[in-house]
Amino acid sequence: MNANLDPAFWDPARAHLVRYGGSFAPVIIEHAKGSYIYDAEGRAILDFTSGQMSAILGHSHPEIAEAVSQAAGKLAHLFSGMLSWPVVQLAEALDAILPAPLSRSMFLSTGAESNEAAIRLAKLVTGGHEIVAFAQSWHGMTGAAASASYALVRKGYGPAQPGSFAIQAPNAYRPAFGDPDRHDWKAELDYSFELIDRQSTGGLAAFIAEPILSSGGILDLPPGYLAALKGHCEKRGMLLILDEAQTSLCRTGTMFAFERDGVAPDILTLSKTLGAGLPLSATITSPAIEDAAHEKGFLFYTTHVNDPLPAVVGLKVIEILLRDAMAERVQVAGARLEGGLRAIMQRHACVGDVRGRGLLLGLEIVKDRESRDPDHQRGDRITAKCLDLGLSMNIVRLPAMGGVFRIAPPLTVSDEEIDLGLSILDEAIATA
Ligand SMILES: Cc1ncc(COP(=O)(O)O)c(C=O)c1O
């Protein structure tokens with residue numbers, strides 16, 4: 001019997017686990033190391049999604065394991081009103097790699113939580129309550145974060161928070177304004193804000209954006225877009241929140257994705273990559289905003305706020321990224337991966353587009369290049385075939401888009417592993 005089908009595992013799994021996201025992958029994962037996860041048959045599966053887009057240093061990194069083990073034996077958790085050295089040191093380490101005035105941090109556990117804190121800060125400081133986001137966004141599953149998320153299923157869960165608005169994210173492959181040769185994102189953005197102004201009751205608080213919309217199908221905001229977006233926000237007294245859950249800490253070839261544009265947000269949120277797979281997130285803002293919020297009695301009191309153990313992990317992650325010049329390595333590795341994906345696109349007509357930055361790349365599956373009609377069934381077949389062949393891939397499906405593979409191996413991936421992943425993907429597309 002295939003050990004991945006063991007009824008001693010699947011019978012209690014079916015009996016006792018809530019199914020929170022469709023069906024589970026048909027494998028039992030026993031352990032993980034570097035760029036590979038290992039199933040119950042002892043098979044090595046190349047992880048091209050860094051777990052849930054988080055394990056940027058690969059799995060079971062020895063220095064992270066050592067940091068966790070030491071912190072667990074020394075100081076893991078505290079009363080939420082108490083501070084410890086690792087928390088202050090992590091705030092300092094972030095200040096050192098961020099542009100001014102982003103110098104004040106609070107640490108939480110998940111991406112959704114970091115966005116809840118950012119949205120609460122923005123509401124309190126501006127006095128507004130209206131939050132604008134992209135119609136292809138994902139900011140998390142909790143109240144305010146889910147209200148600002150439009151890539152996920154909204155139907156069936158009752159009303160979103162009052163004052164939740166969305167605009168189209170720019171999509172050069174399927175432009176809403178102009179045509180694929182001349183995507184007029186500026187006209188699209190200006191028009192979108194005209195509509196926001198019509199709908200607003202005067203309480204605009206913030207725009208929340210991902211620099212590259214990941215669950216939205218790897219939509220990279222074109223150069224100049226962030227500056228124009230910030231201009232629209234400033235004109236209306238809104239704050240700009242950037243959610244760099246997936247794009248921060250060298251993932252795109254720079255420490256933060258917003259560096260490419262030279263536009264800093266008013267509030268920055270980090271999560272997935274900051275803990276490199278362990279639960280750590282941050283909400284970071286300027287002294288002016290933090291002071292204003294504190295004066296108004298800002299409250300975001302949680303059980304695990306500023307816990308020392310995850311802070312030790314965050315510090316170690318930043319130390320390794322800087323020591324190993326990871327941003328430069330990602331530029332080289334990303335170019336290799338993107339080159340390989342473009343070669344695959346040339347060989348297979350069902351690949352409509354390759355896009356993204358650094359080691360966060362997207363590959364869109366369509367029926368044919370002319371119609372650009374989505375081909376979700378083929379996307380699902382390719383995903384299953386990849387897993388059969390030893391490659392873990394993640395595909396997202398959105399309305400009016402093809403299935404988009406989000407390809408994001410650990411930043412520590414070797415050239416050989418990139419080439420192996422590409423050859424498996426090529427074979428899977430050819431046979432699926
Ligand atoms: C951009 C972005 N923000 C926030 C989140 C939510 O993070 P979490 O699932 O840790 O709450 C995600 C999760 O996929 C994300 O991709």
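The values are calculated or read from the model by the stated rules, or taken from the named source; none is laboratory data. This one's a predicted model, so the numbers in the text were calculated from it and none came from an experiment. Methodologically, a virtual Cβ is constructed for each residue, glycine included, from the backbone with ideal geometry; neighbour enumeration extends over all protein chains shown. SASA here: full protein model, heavy atoms, side chains in, ligands and nucleic acids out. Shrake-Rupley method; radii C 1.70, N 1.55, O 1.52, S 1.80 Å.
Surface composition of the stretch 220-344: carbon plus sulfur atoms hold 59% of the accessible area, using a 1.4 angstrom probe and ignoring ligands, DNA and RNA. Say we join alpha carbon atoms closer than 10 Å with springs in a Gaussian network model of the chain; which of Gly21, Gly127, Gly379 then has the biggest fluctuation? Evaluated over the chain, the most mobile residue of the options is Gly21. Taking the centroid of alpha carbons for each part, the stretch 357-432 and the stretch 309-335 are 25 Å apart. A 1.4 Å probe run over the stretch 1-151, with the rest of the protein chains in place, finds 50 Å² accessible per residue. Between the stretch 248-295 and the stretch 184-247, what is the C-alpha centre distance in whole Å? The distance from the Cα centre of the stretch 248-295 to that of the stretch 184-247 comes to 17 Å.
Residues of the stretch 120-155 with an amide N closer than 19 Å to a point placed 7 Å from the Cα of Tyr301 along the Cα-to-Cβ direction: 120-121, 124. Using a cut-off of 26 Å between Cα atoms, the listed pairs Lys123/Lys272; Lys33/Lys367; Lys155/Lys385; Lys123/Lys235; Lys316/Lys385 include Lys33/Lys367; Lys155/Lys385; Lys316/Lys385 as exceeding that distance. With a simple spin-label model that places each label point 7 Å from the Cα along the Cα-to-Cβ direction, the separation between Ala96 and Thr431 comes to 4.9 nm.
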